[in-house]
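Notes for the one structure printed next.
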Amino acid sequence: MGLFDKLKKLVSEDSVENAGYEIVAPLSGEIVPIEDVPDVVFAEKIVGDGIAIKPSGNKMVAPCDGTIGKIFETNHAFSLESDNGIELFVHFGVDTVELKGEGFKRIAEEGQQVKKGDTIIEFDLSLLQEKAKSVLTPVVISNMDEVKELQKMSGPVTVAETPVLRVTK
């Protein structure tokens, strides 16, 4: 491969990467700044950076194509690695682990390949609004060291449709 070919390859790869990778809403609702989550681990971005969603639906879905890493035993949170290596963590509410799975139903399995929009967990929003400390749901990228730029969206979101994050690696 000549110098011109190498340069052309670099430029074309760069422009594809710079377009950014979209992460869509894993649940319907309204985007809230991650700093507003009443849990220091998320608000101070200890586990990663991203956004939170005030939910209005009844399911959490894959926000992109990838592989499910972990689904917590209590079914309130899951991790997913996107096909291009972005590690996402979706955690329903605050202190929801204390509900020991009440209000959550697992649909997908750990290690499963998923497509954007595949249902991972169903939940009973009215029960959770009553019993959880908060239903604000952080959607964070846990491998921020791999991310060059993170663009956070705002406003209302529709599950599996509306972009919530745009990532440039």
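Mind checking whether some residue in the stretch 25-35 is more than 15 Å from the chain's Cα centre (by Cα) and either modelled with pLDDT under 95 or open to solvent by 10 Å² or more (accessible area, probe 1.4 Å) (or both)?
yes
In the stretch 117-169, which residues are in contact with a Ser or Thr (Cβ under 6 Å, 6 or more places away or on another chain), of a type outside the set (Val, Ile, Thr) and farther than 21 Å from Glu81 by Cα?
Ala132 - this is the single residue of the stretch 117-169 that is in contact with a Ser or Thr (Cβ under 6 Å, 6 or more places away or on another chain), of a type outside the set (Val, Ile, Thr) and farther than 21 Å from Glu81 by Cα.
Would you point out the residue of the stretch 108-163, among those that are assigned to a helix (DSSP H, G or I) and polar (S, T, N, Q), that is surrounded by the fewest Cβ atoms within 10 Å (Cβ to Cβ)?
Out of the qualifying residues, it is Ser126.
If you scan the stretch 55-80, which residues turn out to be under 27 Å from Gly155 (Cβ atoms), assigned to a strand (DSSP E or B) and either modelled with pLDDT under 95 or not basic (Lys, Arg) (or both)?
If the condition is that a residue be under 27 Å from Gly155 (Cβ atoms), assigned to a strand (DSSP E or B) and either modelled with pLDDT under 95 or not basic (Lys, Arg) (or both), then Pro55, Met60, Val61, Gly66, Ala77, Phe78, Ser79, Leu80 are the ones that fit.
Of all residues in the stretch 63-105, which are touching a strand residue (DSSP E or B) at 6+ places or on another chain (Cβ under 9 Å), among the small types (Gly, Ala, Ser) and either within 15 Å of Lys133 (Cα to Cα) or without any contact (Cβ under 8 Å) to a residue 60 or more places away in the chain (or both)?
Gly66, Gly69, Ala77, Gly93, Gly103
The values are calculated or read from the model by the stated rules, or taken from the named source; none is laboratory data. Fair warning: this is a prediction, and the values are worked out from it, not measured in the lab. Note that each Cβ is placed from the backbone with ideal geometry, even for glycine, and that neighbours are counted across all protein chains shown. For the accessible areas, the whole protein counts, side chains as well, though only heavy atoms, and no ligand, DNA or RNA atoms are used. Shrake-Rupley method; radii C 1.70, N 1.55, O 1.52, S 1.80 Å.
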